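Chemist: Dumping the structure here so I can ask a few things about it.
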Amino acid sequence: MDELTEKLERAWTVRRANFRDEVTWSYPLDTAVLSLTGLQCALNCAHCGGHYLSGMKAIWEVEPNGSTSCLISGGCDPQGRVPVLAHPDQVRAWRQGRSMNWHVGFVSEAEMAAIAPLVDVVSFDFVGDDATIHEVYGLNRSVEDYVETYQILRRHARTLPHVTIGLRGGELGHELRAFEHLQRLGVDGLVLLVLIPTPGTRYADRQPPPVSAVVDLIAEARLRFPETTLYLGCMRPKGRYREELDPLAIRAGVNVMVSPSRAARKMADDLGLAVHQMRECCVL
């Protein structure tokens, strides 16, 4: 038995000891994805370049519809802050009868206190080393800034840190340090993502990290956070990569997966897992 197979066996044992034999598939069709800044972002991050804002609706241009939930996000200012206090009337209109996931950058205590009544859960990208922060985001920030903001968020709302595996152009390095900080700080759940080399960005010609390395880190997360719900989020490569990754992620102990591949669904059947489905953002 090789090291990864042995680690997967340990992770699966831990998962079964702490959770029921069930898995949740998330198909976020009923979650409206709204931007507080439209297409505007000051950062031009190496992995995004503003590309993903094009998949969001400017919150001031659309009316509340049949969606049962919404993701409130947007671009950042030069300091990495999403303007969470912008467009309060539109936010309150969307709030009526809907759950809200806020994907925020750096926020102050006062800002978080102000929006807390409008928040069901906060999604926060957590980065484990300064070099990755500087290269990917171009920010003059440190891990301690992430720690401070994370602590502010948790004082006011359920907060799920997101750790992107291979964030630095497909290279590994910040992930284990991120896990170490989060073990110390505590988590309400942990969302794992994988770099997608995206056309038009500075990382367009990079490769995502090897599937085996990603699976190893997912298993590591399960072992470090034995009682924590693990999510495999929507931001991960599609196609053959996902077909290979997803079933192994189930074996590594993931509880919730967004848009699972056919291979993941077969793995769940083979393992005898009861399947639940949801039509909203996975953290909701």
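Chemist: When both residues are 6+ apart or on different chains and their Cβ atoms are under 9 Å apart, which pairs have a first residue that lies in segment 56-74 and is free of Cβ contacts under 8 Å to residues at least 40 places away in the same chain and on the phi < 0 side of the Ramachandran plot, and a second that is among the hydroxyl-bearing types (Ser, Thr, Tyr) and surrounded by fewer than 19 Cβ atoms within 10 Å (Cβ to Cβ)?
Modeler: Cys70/Ser99
Chemist: Still on this structure, please answer the following. Hey, does segment 269-284 have a residue that's charged (D, E, K, R) and closer than 17 Å to Trp12 by Cα?
Modeler: yes
Chemist: In addition: Could you tell me whether any residue of segment 154-169 is of a type in the set (D, E, K, R), crowded, with 18+ Cβ neighbours inside 10 Å and either over 24 Å from Trp25 (Cα atoms) or without any contact (Cβ under 8 Å) to a residue 40 or more places away in the chain (or both)?
Modeler: Yes; the residues of segment 154-169 include at least one that is of a type in the set (D, E, K, R), crowded, with 18+ Cβ neighbours inside 10 Å and either over 24 Å from Trp25 (Cα atoms) or without any contact (Cβ under 8 Å) to a residue 40 or more places away in the chain (or both).
Chemist: Of everything in segment 116-141 that's β-branched (Val, Ile, Thr) and assigned to a loop (DSSP other than H, G, I, E, B), which residue is nearest to Cys70 (Cα to Cα)?
Modeler: Filtering segment 116-141 for residues that are β-branched (Val, Ile, Thr) and assigned to a loop (DSSP other than H, G, I, E, B), the one nearest to Cys70 (Cα to Cα) comes out as Val119.
To keep it simple, each residue is scored yes or no on (1) of a type in the set (Gly, Ala, Ser); (2) in a loop (DSSP other than H, G, I, E, B); (3) surrounded by 20 or more Cβ atoms within 10 Å (Cβ to Cβ).
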| site | (1), (2), (3) |
| --- | --- |
| Ser54 | yes, no, no |
| Pro64 | no, yes, no |
| Cys70 | no, no, yes |
| Asp77 | no, yes, no |
| Pro83 | no, yes, no |
| Ala86 | yes, yes, no |
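Chemist: Which condition breaks for Val187 when tested against (1) free of Cβ contacts under 8 Å to residues at least 24 places away in the same chain; (2) closer than 24 Å to Gln151 by Cα; (3) assigned to a loop (DSSP other than H, G, I, E, B)?
Modeler: If we test Val187 against (1) free of Cβ contacts under 8 Å to residues at least 24 places away in the same chain; (2) closer than 24 Å to Gln151 by Cα; (3) assigned to a loop (DSSP other than H, G, I, E, B), just (1) comes out false.
Chemist: Go through segment 23-71 and give me each residue that's among the hydrophobic types (A, V, I, L, M, F, W, C) and closer than 30 Å to Pro247 by Cα.
Modeler: As a first pass, look at segment 23-71 and keep what is among the hydrophobic types (A, V, I, L, M, F, W, C): 23, 25, 29, 32-34, 36, 39, 41-43, 45-46, 48, 53, 56, 58-60, 62, 70-71.
Result: Val23, Trp25, Leu29, Ala32, Val33, Ala46, Cys48, Leu53, Met56, Cys70, Leu71.
Chemist: Here's something else I'd like to know. Would you mind finding the one in Arg251, Arg240 that is crowded, with 18+ Cβ neighbours inside 10 Å, among the charged types (D, E, K, R) and at pLDDT 95 or above?
Modeler: The unique qualifying residue is Arg251.
Chemist: Looking at segment 93-115, which of its residues are assigned to a loop (DSSP other than H, G, I, E, B), more than 20 Å from the chain's Cα centre (by Cα) and among the small types (Gly, Ala, Ser)? Don't jump to the end; show me each part of the working.
Modeler: Taking segment 93-115 and keeping what is assigned to a loop (DSSP other than H, G, I, E, B), we get 96-98, 104-108.
Filter once more, keeping what is more than 20 Å from the chain's Cα centre (by Cα): 96-98, 108.
Correct list: Gly97, Ser108.
Chemist: What's the total number of residues in segment 237-284 that are part of a strand (DSSP E or B) and within 18 Å of the chain's Cα centre (by Cα)?
Modeler: 4
Chemist: Moving on to the next point. Condition check: among the hydrophobic types (A, V, I, L, M, F, W, C), within 24 Å of Tyr150 (Cα to Cα), at pLDDT 95 or above and surrounded by fewer than 22 Cβ atoms within 10 Å (Cβ to Cβ). Does Leu193 satisfy that?
Modeler: yes
Chemist: Condition first: free of Cβ contacts under 8 Å to residues at least 40 places away in the same chain and either touching a helix residue (DSSP H, G or I) at 6+ places or on another chain (Cβ under 6 Å) or of a type in the set (Gly, Ala, Ser) (or both). Now tell me which residues in segment 224-244 satisfy that.
Modeler: Within segment 224-244, Gly239, Glu243, Glu244 qualify.
Chemist: Please verify whether segment 24-44 includes one or more residues that are at positive phi and not in a strand (DSSP E or B).
Modeler: At the first step, the residues of segment 24-44 found to be at positive phi are 38, 44.
Those still in the list that are not in a strand (DSSP E or B) too: 38, 44.
Yes, segment 24-44 has at least one match.
Chemist: Contact list please: Cβ distance under 6 Å, first residue in segment 210-222 and surrounded by fewer than 19 Cβ atoms within 10 Å (Cβ to Cβ), second residue in a helix (DSSP H, G or I) and modelled with pLDDT under 95, pairs at least six apart or on different chains.
Modeler: none
Chemist: Return yes when Gly200 is among the small types (Gly, Ala, Ser), in contact (Cβ under 8 Å) with a residue 60 or more places away in the chain and over 23 Å from Asn255 (Cα atoms) and no when it is not.
Modeler: Against the criterion (among the small types (Gly, Ala, Ser), in contact (Cβ under 8 Å) with a residue 60 or more places away in the chain and over 23 Å from Asn255 (Cα atoms)), Gly200 qualifies.
The values are calculated or read from the model by the stated rules, or taken from the named source; none is laboratory data. The structure presented is a predicted model; accordingly, all values stated were derived computationally and were not measured. Positions of Cβ are backbone-derived with ideal geometry, glycine not excepted, and every protein chain shown enters the neighbour counts.
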